[in-house]
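Shown next, in structure tokens, is the structure this report addresses.
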Amino acid sequence: MAQSFRQRFGLRQQPKTPFFVSVAGNIGVGKSMLTRLLGQSFGWPMYFEPVINNPYLDDYYQDMERWSFHLPVYFLSQRFEVQKKIQDHGGSAVQDRTIYEDVEIFAPTLHRRGAMDRRDYDNYREIFRNMTAFLTAPDLIVYLWSNPEITAERIAARGRKCEKNIPLDFLQDLHAAYEDWIERAPALCPVEIIDTEQVNLRDDPKAQEGLLQLIADYHHEKHVRVTGEDTA
């Protein structure tokens, strides 16, 4: 399948230097779809957010205050394991949601909404700080942007039982946190922002080709920077 995607989009041979892409964005914005597109197109391992077999998610959406520490710590642990695996494996990869969104978006939003108290919030941030000291940032973050009202419609359309009671104001608060973070995220690594209301990555081959070529260019630039070899 990966080879057919390369032929379809005219992608050149990938350099040997590993490249790690993380897909960021609000709930329901299309991260899993894009993760799958990138993984299949480039032949990279894909790492998805643990949703289906998540032991806390159903309880969390029923009672955020009760589970506001347990679920974020679970996600943090899972994402740390994935990112450490990518880093230790040494190959290219694409990940659905970054570990940095846990501490920049979800935990502070829960704290501001009064669902996570100060003690748990400070403890969570300390866990995050200790974990990320062992990690290398992605080579690129692709941030998928959408208005929270649109993401609410997409969430309803995909019909996950555990998500049916997500309040719109929670999505709006997450969106505000993303708007704040994405301005600071380039200090971590390069960021590409895609307005998913204007760019249809699900169904538009030209939009897909444009993004794939952009990522291939980032990959090539890293290879030249690291090795001094220009494979163009």
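Here's the yes/no breakdown for (1) of a type in the set (Gly, Ala, Ser); (2) modelled with pLDDT of 90 or more; (3) more than 16 Å from Arg160 (Cβ to Cβ):
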position: Asn26; (1), (2), (3): no, yes, no
position: Lys31; (1), (2), (3): no, yes, no
position: Gln40; (1), (2), (3): no, yes, yes
position: Met46; (1), (2), (3): no, yes, yes
position: Asp58; (1), (2), (3): no, no, no
position: Gln62; (1), (2), (3): no, no, no
position: Phe69; (1), (2), (3): no, no, yes
position: Pro72; (1), (2), (3): no, no, yes
position: Gln83; (1), (2), (3): no, yes, yes
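Among what's in region 140-153 and is among the β-branched types (Val, Ile, Thr) and farther than 15 Å from Arg97 by Cα, pick the residue that is surrounded by the most Cβ atoms within 10 Å (Cβ to Cβ). Show your work before the answer.
Initially, region 140-153 is screened for residues among the β-branched types (Val, Ile, Thr), giving 141-142, 150-151.
Then keep just the ones that are farther than 15 Å from Arg97 by Cα; that gives 150-151.
Numbers: Ile150: 16, Thr151: 25.
Among those that are among the β-branched types (Val, Ile, Thr) and farther than 15 Å from Arg97 by Cα, it is Thr151.
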Looking at region 152-191, which of its residues are within 18 Å of Glu65 (Cα to Cα) and β-branched (Val, Ile, Thr)? Ile166
So Thr98, is it more than 18 Å from Leu174 (Cβ to Cβ) and either in contact (Cβ under 8 Å) with a residue 40 or more places away in the chain or surrounded by 14 or more Cβ atoms within 10 Å (Cβ to Cβ) (or both): no
Can you tell me which condition Leu110 does not meet? The list is (1) at pLDDT 95 or above; (2) buried (at least 23 other Cβ atoms within 10 Å of the Cβ); (3) part of a helix (DSSP H, G or I), and all the others hold. (1)
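Per-residue answers, yes or no, for (1) over 20 Å from the mean Cα position of the chain (by Cα); (2) surrounded by 14 or more Cβ atoms within 10 Å (Cβ to Cβ); (3) not aromatic (Phe, Trp, Tyr):
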{"site": "Ile155", "(1), (2), (3)": "no, yes, yes"}
{"site": "Gln172", "(1), (2), (3)": "no, yes, yes"}
{"site": "Trp181", "(1), (2), (3)": "no, yes, no"}
{"site": "Pro190", "(1), (2), (3)": "no, yes, yes"}
{"site": "Thr196", "(1), (2), (3)": "no, yes, yes"}
{"site": "Val199", "(1), (2), (3)": "no, yes, yes"}
{"site": "Asp204", "(1), (2), (3)": "yes, no, yes"}
{"site": "Tyr218", "(1), (2), (3)": "no, yes, no"}
Failed condition for Val142, given (1) more than 27 Å from Ser41 (Cβ to Cβ); (2) under 17 Å from the mean Cα position of the chain (by Cα); (3) modelled with pLDDT of 95 or more: (1)
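The values are calculated or read from the model by the stated rules, or taken from the named source; none is laboratory data. If you're wondering where the values come from, they're calculated on a predicted model, not measured in any experiment. Glycine gets a Cβ as well: all are built from the backbone with ideal geometry, and neighbour counts include every protein chain shown.
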